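The values are calculated or read from the model by the stated rules, or taken from the named source; none is laboratory data. This is a predicted model, so every value here is computed, not measured. Cβ atoms come from the backbone with ideal geometry, glycine included; neighbour counts cover every protein chain shown. We work out accessible area using only protein heavy atoms, side chains counted, and drop any ligands, DNA or RNA first. Shrake-Rupley method; radii C 1.70, N 1.55, O 1.52, S 1.80 Å.
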Amino acid sequence: MNIFEQTICELTASVLNSADESVTWEPCVLNKLVEQPPNPEMGDYALPCFSFAKSIRRSPVQIAKELAEKLQSILSPGSAVTGIQAAGSYLNFTVSAVAMAEEVLPDIFNGSYFKEPSKIALERVMIEYSQPNTHKGFHVGHMRNVALGDSLTRIYKYNGYDVVGVNYIGDVGAHIAKCLWYYRNHNTETPPKHFKGEWLGKLYSLAVKKLDDAEGQEKIQFQHEVSQILQKIENKDREFTEEWEMTREWSMNDFHEIYEWLDINFDYIFYESEVDEEGRKIVIEGEKNGTFERSEGAIGINLEAEELGFFMLLKSDGNTLYATKDLALAQRKFDKFGVKRSVYVVGSEQTLHFKQVFATLKRMGYSQVEHCFHLPYALVTLPDGKMSSREGNVILFSQLRKEIIESIQSVHLLEHRMDWTKQELEETAQKIAVAAIKYGMLNQDSNKQIVFSMKDWLVSEGDTGTYLVYAYVRIRSIGRQISCKVNTDVDYSLLTHPNEKKLLRQLLDFNRTILICGEQYRPSILARMLYDFSKDFSRAYNTCSVKHAKNKKLQAARLLLFHCVAETLLQGLHLLGITPPERM
RNA sequence: GCACCAGUAGCUCAACUGGAUAGAGCAACUGACUUCUAAUCAGUAGGUUAUAGGUUCAAGUCCUAUCUGGUGCGCCA
């Protein structure tokens, strides 16, 4: 509740309570009803009167009218609330722009506004995301996960949580055996110098193809060879372990390079290979004490009571499954990291799996499971269907990155190539590309499918990440051209333009929006808000010139406002994982 | 077959979780560059919110059924 909502709710509550003593309205209850009118001319805050109708026993329209009259009569002349009007069943309040400006601009200028949410120290939250498999290419579908998880991590940190952002690398399993089988027996190429992991991904899909295409005796032979490799890796055969470690490193190098380019930092990295044994022990122990049961040679848990069927935990050959490892991983998160809340950013195709994992953990006695949350997101698909590393029909992340960079450089940065350093040109292209990619992944709700088409990602107009960083750059450019320094000793009453007021309102609501984003696990709300904010700025930029302001006083006030817009935009972009360039 | 997710302008998406006249971007059309960098702005046009019922002061939003697309459903991850 900000100062204006507080005033509105307290005033209204006092009038309501004096009119009818049978019911007491608390200001905080009223605050939950407060909305924003559909257009700014109607007012800044709206209070629907439907819920008062029951106790007052009059129509909402009548109540709104009466409340408006009474409120107007008790309004003090110097109040921040300058207007109260009834409009149908709504009560609309207008707040003066000066009061808004005085409330928010100084705090943004000195930076305290952005530290406000983190003042309350909240519980430890672990956010697990990315989870790429080694020996497979990192494709654009993986990017959606990374953008979501990273943004969520930043939002939770901003909101005051003790966040541990973690990665969980899939470095064991049959896909690796297949890849190494092909690498040893059929590969003729020498590994490239760069993107060796991507190259392994190519070998993997070739391996799958070769295995699928083989027939008769040859097929049996191939399958035997692959399973032998899998066994040798599991038995820690020295020769194969070395090869596994070497190729795993190739993939990890690829991943690290991508994360660095994207400015993604994990606090901790788990590997499937390190929870493999732990998982097996948990399951075997669980079977002994009766939590789990043996069925058709395998071990699992009957979750019929939860309507989740039978959940397999260990294969009949004694080998571990994804589920096996997830149990061990969860145990580590709870026991070693003391996690109170645990978020899994994983594709929606695994919704059932996580319901089963959580139900199993609950049966094992982990009460923390109440605070485990699977954040699902829909797939990034190709126009002709699902992307699959197995089949090799993927758009690699490196390809998207390359094409976006080339597009930015050739279409827009060409004009600067004579007067900017090579380094600035490259860094600028990189920052814009990151903005375009991350914003593109975050600006729509995570449960909506994205059909990937390269040409859509090369667009730099309209509702794009480029638009947001462009807005930021415009403001910074103003600052460079005005000789006076930004300061808060300005006449706030000069910011009277509707476009200026819209910006003030955005600034006022910024922290609350981020709080909602976190609690709802939806960075898309932030992305959308920042787009609207940038749009409001662009309008103000075209109507409220700083350079050509009528006088120095107005110039100073606008300079402060736009400076605060830039600072807020910077914070918001940062929470999406985006760092804008200073010029472009 | 069962379960989950989605269906809103020609296309891609919003709609503060049940509230006022359903909003943006792209594409189309009209207008604004000796500029605070046009990667922008102003405007026009575009809708029976998949369909049919229901719940209530109020439904794109909740309930039921149907249709369409996607994703899962015991030895993959």
Selected residue (only one of A:LEU105, A:LEU152, A:LEU91 is assigned to a helix (DSSP H, G or I), aliphatic (A, V, I, L, M) and within 16 Å of RNA strand B (Cβ to nearest atom)): A:LEU152
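Residues checked against (1) in contact (Cβ under 8 Å) with a residue 24 or more places away in the chain; (2) open to solvent by less than 30 Å² (accessible area, probe 1.4 Å); (3) not hydrophobic (A, V, I, L, M, F, W, C):
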{"residue": "A:ALA359", "(1), (2), (3)": "yes, yes, no"}
{"residue": "A:GLU370", "(1), (2), (3)": "no, no, yes"}
{"residue": "A:PRO376", "(1), (2), (3)": "yes, no, yes"}
{"residue": "A:VAL380", "(1), (2), (3)": "yes, yes, no"}
{"residue": "A:ASP384", "(1), (2), (3)": "no, no, yes"}
{"residue": "A:ASN393", "(1), (2), (3)": "no, no, yes"}
{"residue": "A:ILE404", "(1), (2), (3)": "yes, yes, no"}
{"residue": "A:VAL411", "(1), (2), (3)": "yes, no, no"}
{"residue": "A:GLU426", "(1), (2), (3)": "no, no, yes"}
Counting only residues that are open to solvent by less than 40 Å² (accessible area, probe 1.4 Å) and outside any loop (DSSP other than H, G, I, E, B), segment A:72-86 contains a total of 3
Conditions: (1) more than 42 Å from the chain's Cα centre (by Cα); (2) part of a loop (DSSP other than H, G, I, E, B). A:THR24 meets all but one. Number of the miss? (1)
Segment A:522-566: number of residues that are within 11 Å of RNA strand B (Cβ to nearest atom), surrounded by fewer than 23 Cβ atoms within 10 Å (Cβ to Cβ) and not hydrophobic (A, V, I, L, M, F, W, C): 16
State yes or no: is A:THR324 crowded, with 19+ Cβ neighbours inside 10 Å and modelled with pLDDT under 95? no
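Scan segment A:516-529 for residues that are touching a residue at least 60 places away in the same chain (Cβ under 8 Å) and either of a type in the set (D, E, K, R) or closer than 30 Å to A:SER483 by Cβ (or both) and report the count.
Residues flagged as touching a residue at least 60 places away in the same chain (Cβ under 8 Å) and either of a type in the set (D, E, K, R) or closer than 30 Å to A:SER483 by Cβ (or both) within segment A:516-529 amount to 2.
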Sole exception among (1) of a type outside the set (Gly, Ala, Ser); (2) open to solvent by 10 Å² or more (accessible area, probe 1.4 Å); (3) assigned to a loop (DSSP other than H, G, I, E, B) for A:HIS135, by number: (2)
From the residues in segment A:45-64 that are open to solvent by 80 Å² or more (accessible area, probe 1.4 Å) and either modelled with pLDDT of 95 or more or outside any helix (DSSP H, G or I) (or both), which one is nearest to A:VAL95 (Cα to Cα)? A:ARG58
Criterion (more than 11 Å from RNA strand B (Cβ to nearest atom), open to solvent by less than 20 Å² (accessible area, probe 1.4 Å) and part of a loop (DSSP other than H, G, I, E, B)) met by exactly one of A:ILE578, A:ILE514: A:ILE578
Mind checking which residues of segment A:210-244 are touching a helix residue (DSSP H, G or I) at 6+ places or on another chain (Cβ under 7 Å) and of a type in the set (A, V, I, L, M, F, W, C)? A:LEU211, A:ALA214, A:PHE222, A:VAL226, A:ILE229, A:LEU230, A:ILE233, A:PHE240, A:TRP244
Picked from segment A:312-330 (must be of a type in the set (A, V, I, L, M, F, W, C) and not in a strand (DSSP E or B)), the residue nearest to RNA strand B (Cβ to nearest atom) is A:LEU321
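Go through segment A:490-499 residue by residue and tally those that are under 15 Å from A:LYS550 (Cβ atoms) and not in a loop (DSSP other than H, G, I, E, B). First the steps, then the outcome.
First pass over segment A:490-499, keeping only residues under 15 Å from A:LYS550 (Cβ atoms): A:490-491, A:493-497.
Now narrow it down to the ones that are not in a loop (DSSP other than H, G, I, E, B): A:493-494.
Matching residues across segment A:490-499 total 2.
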If a residue counts only when it is within 12 Å of RNA strand B (Cβ to nearest atom) and not assigned by TED's automatic domain parsing to the domain that holds A:LYS552, which helices (runs of 4 or more DSSP H) contained entirely in segment A:374-489 have at least 3 such residues? A:397-411
Pairs only if they're at least six apart or on different chains, beta carbon under 6 angstrom, first in segment A:532-559 and at negative phi, second part of a loop (DSSP other than H, G, I, E, B) and more than 8 Å from RNA strand B (Cβ to nearest atom); list them, first residue then second. A:CYS544/A:HIS497; A:LYS553/A:ASP491; A:ALA556/A:VAL490; A:ALA557/A:VAL490; A:ALA557/A:ASP491; A:ALA557/A:LEU495; A:LEU559/A:VAL486
Which condition does A:LEU122 not pass, out of (1) within 22 Å of the chain's Cα centre (by Cα); (2) among the aliphatic types (A, V, I, L, M); (3) assigned to a helix (DSSP H, G or I), if it passes all the others? (3)
Can you pull out the strands (runs of 3 or more DSSP E) entirely within segment A:230-308 that have at least 1 residues that are within 30 Å of A:LEU576 (Cβ to Cβ) and assigned by TED's automatic domain parsing to the domain that holds A:VAL163? A:268-271
Taking first residues from segment A:170-181 that are open to solvent by less than 10 Å² (accessible area, probe 1.4 Å) and near RNA strand B (Cβ under 6 Å from one of its atoms) and second residues anywhere that are in a loop (DSSP other than H, G, I, E, B) and modelled with pLDDT of 95 or more, the pairs with Cβ under 8 Å that are 6 or more apart or on different chains are A:GLY170/A:GLN131; A:GLY170/A:PRO132; A:GLY170/A:THR134
